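Each remark here refers to the structure printed beneath this line.
Just so it is clear, none of the values below were taken in a lab; they were calculated from the coordinates. What you see is a predicted model, and the numbers here were worked out from it, not measured in a lab. Neighbour counts run over all protein chains shown; Cβ positions are idealised from the backbone, glycine included.
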Amino acid sequence: MWKLANPTVFLGYTGRALPVLWASALVLLVLSAWMAFFVAPQDYQQGNTVRIMFIHVPAAWLAMGCYALMAVSALGTLVWRHPLADVSIKAAAPIGAVFTAVALMTGALWGKPMWGTWWVWDARLTSVLVLFLMYLGLIALQNAFEDPGRAARIVAVLVLVGFVNIPIIKFSVDWWNTLHQPASVVRFDGPTIHPTILWPLLTSAVAFTVLFICLHLTAMRAEILRRRIRTMTVLTAQRAESGASFRPEAAE
Amino acid sequence: MTPFFTLVRRDVALAFSAGSGALLGVMFFLIVIVALPLGIGPDLNLLARLGPAFLWIGVLLSTLLALDRLFQADHDDGALDLLTLSGLPLELLVLAKCLAHWLTAVVPLIVAAPLMGLFLNVSPTALGATILTVLVGSPALTMIGAIGAALTVTVRRGSLLLAILIVPLTLPVLIFGIGAVNGAVVDGLPFRTPLLLLLAASLASVAIAPFAAAAALRAARG
């Protein structure tokens, strides 16, 4: 963990690992797409729309997993002051937001033929929507600061405050929903799910997780390089400025 | 505790001094309450049913208004630097400023609530329940808001960002507040449970938020 704290070491390791990771992500995605279309049968009630689940469920899992990763990274920033922890938060937030959006949109696409409506104020949907809003807030806060070093600890505090709040929000929304209407969600209960659906789903989950790791590491590398360019630009500007003030003396 | 109450007194005095716009929040509350029936229509029965929710959302939005200046005014003129040097722990400083904010920004809203209830044809029972739940739940709004105010203390035009960050975190307060009001009005729905949950949210945020806000202040002013 601490060996990787050096950004150059991190860039070296990930530079070698990423081509392999991207290749396996591609293979797994193709495999899971094939399983979703040809192994998984049509559902007797849902027909072909059941296949949306192979994108929807992994996206929803990763939407939550990404926030957990960010909370760990926030601890890394605030407690251990790991130099890459803040890069990890910065890189993860947009990816988490996109996975949350994918979960919401595929849910809406599934809901229209199944429930007859794009959106219901169901407890689970509502809490995922709130999670999406929290991702957007985090991204907005990150963008409010020019200096990434200053933003790091501020954003980390918000990530942790949000992490403490997520179970409370989830609980309150569940409570609110049962108050208004009984849950009307078609549920997949773990053990009752048929193997021909379960295996494509698990494959898809693994494929999405590897994809997430690839995206996250690539975004972290981009962020490290972006910060280097920023530092170099600032240094060049400073040097140019001091050079300009020295020039009259040099001319003498 | 004397520095603590001195700070509370100072902030309350500042809030009501000339040019501080102490009652702008109440005016905003009034504007929101006037605009809603114009959008929905003059049906008094419908307004009576929606009234408590309007009052709660009005309080939530009006509370946000004054929050962006909670630390920023003192940060900009350097008073916050002096206050942090005074020996008062930053956590207590946050708590004192929150108490002053609650007294000057939220209590006027609660005082104005009966008038707003009148406009919305809210029944006395529902109005009483709304005022009670706002009284119990609004400390949580102020305390959670203080975290957002601390996070955005150095951000120019941070008020909109503050609202975006804070509103998702305050949704449980809104849910339990309205839930308790519904419990008071509709037979068969619980009143005590949401009220106690609301109280728990307020107490927990009073206990936890000063530390989070102080950490955010340290990080932001670093």
Q.
Need one word for the protein assembly as shown: rounded, prolate or oblate. Basis is the Cα gyration tensor (sqrt eigenvalues a ≥ b ≥ c); a/c below 1.5 gives rounded, then a/b vs b/c decides.
A. oblate
Q) If you line up the long axis of helix B:107-119 against the longest principal axis of chain B, both from Cα atoms, how many degrees apart are they, to the nearest 10? A) 20 degrees
Q: Return a whole-number percent for the relative contact order of the stretch B:2-221, with Cα pairs under 8 Å and 6 or more residues apart as the contact set.
A: 27 percent
Q) Rounded, prolate or oblate: which one fits the stretch A:18-85, using the alpha carbon gyration tensor with axes a ≥ b ≥ c (rounded when a/c is under 1.5, else prolate when a/b beats b/c, else oblate)? A) oblate
Q. Which of the lysines could a cross-linker span from A:Lys170 if the Cα-Cα distance has to be under 22 Å and same-chain partners fewer than 8 positions apart are dropped?
A. none
Q) A:Ser172: net charge of surrounding residues, Cβ under 15 Å, Lys/Arg +1, Asp/Glu -1, itself excluded? A) 0
Q.
Could you tell me the calculated FRET efficiency between B:Ser86 and A:Ala68, based on Cβ-Cβ distance and R0 = 35 angstrom, to the nearest 0.05?
A. 0.30
(Q) Once R0 is set to 41 Å, what does the formula 1/(1 + (r/R0)^6) return for the Cβ-Cβ distance between A:Val30 and A:Phe171, expressed as a FRET efficiency to the nearest 0.05? (A) 0.55
(Q) How high is the relative contact order of the stretch A:93-179? Use alpha-carbon pairs under 8 Å, at least six apart in sequence, and give a whole percent. (A) 34 percent
Q. Between B:Ala204 and B:Ile40, how many nm apart are label points set 7 Å from Cα along the C-beta direction?
A. 3.0 nm
(Q) Defining a contact as two alpha carbons under 8 Å apart and six or more residues distant in sequence, what relative contact order in percent does the stretch A:29-247 show? (A) 32 percent
Q: Compute the Cα gyration tensor for the stretch A:40-168, then decide on rounded, prolate or oblate, letting a ≥ b ≥ c be the square roots of its eigenvalues: rounded whenever a/c is under 1.5, prolate when a/b is larger than b/c in the other cases, and oblate in all that remain.
A: prolate
**Q.** Residue exposure sequence - B:Thr142, B:Thr2 - by fewest surrounding Cβ within 10 Å
**A.** B:Thr2, B:Thr142
Q) Quick one: length gained pulling A:Gln42 to A:Trp61 fully straight, 0.36 nm per residue minus the C-alpha distance? A) 4.5 nm
Q: Compute the signed sum of charges (Lys and Arg +1, Asp and Glu -1) over the other residues within less than 14 Å, Cβ to Cβ, of A:Ala63.
A: +2
Q) Relative to the longest principal axis of chain A, what angle (0 to 90°, nearest 10) does the C-alpha long axis of helix A:148-180 take? A) 20 degrees
Q. Hey, with R₀ at 25 Å, roughly what FRET efficiency would B:Val12 and B:Thr193 work out to, going by the Cβ-Cβ distance, to 0.05?
A. 0.15
Q: Starting from the alpha-carbon convex hull of chain B, give the projected area averaged over all orientations, in nm².
A: 12.3 nm²
Q | Cα-based helix-to-principal-axis angle, A:195-251 vs chain A, degrees rounded to 10 | A | 20 degrees
